[in-house]
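Step one of this worksheet: look at the structure below.
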């Protein structure tokens, strides 16, 4: 039900607060303006207006999704920013920039250890099979995981230790993996080595 949607909630609570809506809305919104379809525009604007109205005094907006350890999952909100950017490009709506400015100020106030709560080392990702990734995310109760690599920065002087800089190489998303496989993520069990093993475990 629309009234239950976390995307329309001023408190961030409700149902359906994952990334499915912004993934759909991004394409639907773009198509509405390409086709100049009034009905589609009205439907897209319903969600955009709801998202704009959901911003809270601290700058946060949309669903307040939490991991099992209580830390915040920001991924779906970041995808919605892409929808808002597209809407602004088509309409010039100034409230979009206002929301983004307040939201990024809010994110700057979040400590690093709460912002990046699930990170996978690039070296691990290189050697991992699909089943390893899904099982790791199932065990931690995560829907997404950043893939991060590190490189060394030149020291300020020959006696100083080299500093490391983190670089985001990509992101794992259980829903995206499931979409590409055409199946739901496996609930657990032995580590699968191939797509066919995952499908077999699901009884497909």
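Annotations
- Modelled spin-label separation between residue 42 and residue 180, with each label point placed 7 Å from Cα along the Cα-to-Cβ direction: 3.9 nm.
- Inter-label distance, residue 69 to residue 56: 2.1 nm, where each label sits 7 Å from its Cα along the C-beta direction.
- For the pair residue 82 and residue 167 in one chain, pulling the backbone fully straight at 0.36 nm per residue adds 28.5 nm over the alpha carbon distance.
- 87, 106 arranged by Cβ crowding within 10 Å, fewest neighbours leading: 106, 87
Taken together, the values in this text are just the output of simple stated rules run on the coordinates, not laboratory data. Quantities reported herein were computed from a predicted structural model and do not represent experimental measurements. Reconstructed Cβ throughout: ideal geometry from the backbone, glycine too, with neighbour counts over all protein chains shown.
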